[in-house]
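Enquirer: Got a structure here, written out as structure tokens. Questions coming.
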Amino acid sequence: MMHGKRFVASVLYALNGIRLAVCNERNMRIHLVAMIAVIVAATVFRITKTEWLVLLLTIGAVISLEIVNSAIERTIDLVTDEYRPLAKEAKDLAAGAVLFFAFLSIIIGISIFLPYLYVFFKNSLHFHK
Ligand SMILES: Nc1ncnc2c1ncn2[C@@H]1O[C@H](COP(=O)(O)OP(=O)(O)OP(=O)(O)O)[C@@H](O)[C@H]1O
């Protein structure tokens, strides 16, 4: 019983973490808008199951990385409010992790959607002829 309560409490703390990221992080809101746009496009184009899985994995990784980046930023701000070279390195490293995966996710997104966009525009050109 005690364990059950503790589990529910830890899930609530984790949900609060997601809420904090969505409410306080501008980058997080950009990721969320991109996620919704990509999910709508994937539904409209009826992408395959494997493509869905790659897409969900990519979205999950970008958003999880962004949340961890925010946690690292907070931890550093807690340690110091002065200019510290190591604080700069730590924040830049965490931001670099997000940027690296965000860049790969753009390549993944283009690879998945380009063939569907090609067919879509080819068909709409035929339609107008
Ligand atoms: N205490 C510090 N000492 C040295 N440099 C810092 C320090 N705090 C921040 N910086 C530098 O300023 C940059 C911006 O830091 P900040 O905490 O504002 O994060 P941010 O990039 O605004 O985060 P986000 O865009 O996700 O809100 C860091 O990447 C780092 O280079």
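The values are calculated or read from the model by the stated rules, or taken from the named source; none is laboratory data. In this text the structure is predicted, and so the values were computed from the model without any measurement. Please note: Cβ atoms are built from the backbone with ideal geometry, for glycine as well, and neighbour counts cover all protein chains shown.
Enquirer: Report yes if some residue within the range 13-25 is touching a residue at least 24 places away in the same chain (Cβ under 8 Å), closer than 17 Å to F103 by Cα and surrounded by 11 or more Cβ atoms within 10 Å (Cβ to Cβ); otherwise report no. Can you show your working first?
Expert: Our first condition is that a residue be touching a residue at least 24 places away in the same chain (Cβ under 8 Å); within the range 13-25, this holds for 17-18, 20-21, 24-25.
Next, from what is left, pick out any that are closer than 17 Å to F103 by Cα: none.
Among the residues of the range 13-25, not one is touching a residue at least 24 places away in the same chain (Cβ under 8 Å), closer than 17 Å to F103 by Cα and surrounded by 11 or more Cβ atoms within 10 Å (Cβ to Cβ), which makes the answer no.
Enquirer: Condition test on V38, is it in contact (Cβ under 8 Å) with a residue 60 or more places away in the chain, β-branched (V, I, T) and not in a loop (DSSP other than H, G, I, E, B)? So that I can check it myself, show each step before the final result.
Expert: Numbers: in contact (Cβ under 8 Å) with a residue 60 or more places away in the chain: yes; β-branched (V, I, T): yes; not in a loop (DSSP other than H, G, I, E, B): yes.
Considered against the rule, which asks whether it is in contact (Cβ under 8 Å) with a residue 60 or more places away in the chain, β-branched (V, I, T) and not in a loop (DSSP other than H, G, I, E, B), V38 comes out as yes.
Enquirer: Right, another one. Is the range 90-109 home to any residue that is surrounded by 11 or more Cβ atoms within 10 Å (Cβ to Cβ) and polar (S, T, N, Q)?
Expert: Yes, the range 90-109 contains at least one residue that is surrounded by 11 or more Cβ atoms within 10 Å (Cβ to Cβ) and polar (S, T, N, Q).
Enquirer: What pairs come up if the first residue lies in the range 50-62 and is over 11 Å from V38 (Cβ atoms) and modelled with pLDDT of 95 or more, the second is aromatic (F, W, Y) and surrounded by fewer than 18 Cβ atoms within 10 Å (Cβ to Cβ), and their beta carbons are under 7 Å apart, counting only those six or more places apart or on different chains?
Expert: A61/F101
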